[in-house]
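The values are calculated or read from the model by the stated rules, or taken from the named source; none is laboratory data. Only a predicted model underlies this, so the values are computations on that prediction, with no experimental measurement involved. Methodologically, a virtual Cβ is constructed for each residue, glycine included, from the backbone with ideal geometry; neighbour enumeration extends over all protein chains shown.
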Amino acid sequence: MRRRLVSLLLLVACAGPAFAQQPAAPDRFDYYLLSLSWVPAYCQDAAHRGPECDRGLGVALHGLWPQYENGGWPEFCRRVDAVPAPLVERELAFMPNRGLVEHEWEKHGACTAYDAQTYFDAADRAYSMLRFPPALAAPREELAIAARDLRTQIIAANRGLRPDMVALNCAGTQALHEIRVCLAKTLAWRTCGANVGDDCPDMLVIQALRGGGN
Ligand code: U2P
């Protein structure tokens, strides 16, 4: 009896807080976080340098992430087949490289009830709904901008989008890394849930585009 109680307590302790990232049954989530990368910021980091850094990408699709209302997200919810090659090629119009397409499907897409085609159709649609403001059009030089002003520009460029639906992510630096937008399962923009917010300083920098631009 005593041993059973100890096992039970261990089980509860290992389960961790409610917002921990953990495998879960697919389609048990509340909303999506659409994550868009500012590619020049990633390419600044030697660890991320790859051929995608010569594609002149600005805002690229990082992923469409299932989220929990109270914070956190499920990940790697089920085993999935590889993304069909033609679909990977199609996604390169939105995403920086093949590895990311596969990774996002395995980690986040697997937590939807969709197959890869339907998941990426949804991700592409969510990406295509957004318009990008002048600050992100094609900066040829590094641009310093107040986070508040960038947010205002993003809202102004997208009718119906509100400040509490958008989070600016600087990955612990001064530089814009990601713009994240919250969406309902229907893909309509919605207010973000817990623990989704800005992590940028008041003044941030937007790194210059290299090459062509998008
Ligand atoms: O933010 C750093 C990395 O954590 C993962 N992340 C973050 C927020 C969230 O809501 N969901 C989530 O998965 C991302 O990991 P990735 O998909 O790149 O493996 C994000 O890059």
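Tabulated values for the structure
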quantity: Subset of the stretch 45-89 (residues that are part of a loop (DSSP other than H, G, I, E, B), within 12 Å of the ligand (Cβ to nearest atom) and of a type outside the set (A, V, I, L, M, F, W, C)); calculated: Tyr68, Gly71, Gly72, Glu75
quantity: Failed item in (1) in contact with a Ser or Thr (Cβ under 8 Å, 6 or more places away or on another chain); (2) free of Cβ contacts under 8 Å to residues at least 40 places away in the same chain, with Pro96 passing the rest; calculated: (2)
quantity: Scan of the stretch 50-72 for residues that are closer than 19 Å to Val101 by Cβ and within 19 Å of the chain's Cα centre (by Cα), ordered by number; calculated: Glu52, Cys53, Leu57, Gly58, Val59, Ala60, Leu61, His62, Gly63, Leu64, Trp65, Pro66
quantity: Hey, Pro96 in contact with a Lys or Arg (Cβ under 8 Å, 6 or more places away or on another chain) and either at pLDDT 90 or above or in a helix (DSSP H, G or I) (or both) or not; calculated: yes
quantity: Output for the stretch 85-96, where each listed residue is crowded, with 19+ Cβ neighbours inside 10 Å and not hydrophobic (A, V, I, L, M, F, W, C); calculated: Glu91, Pro96
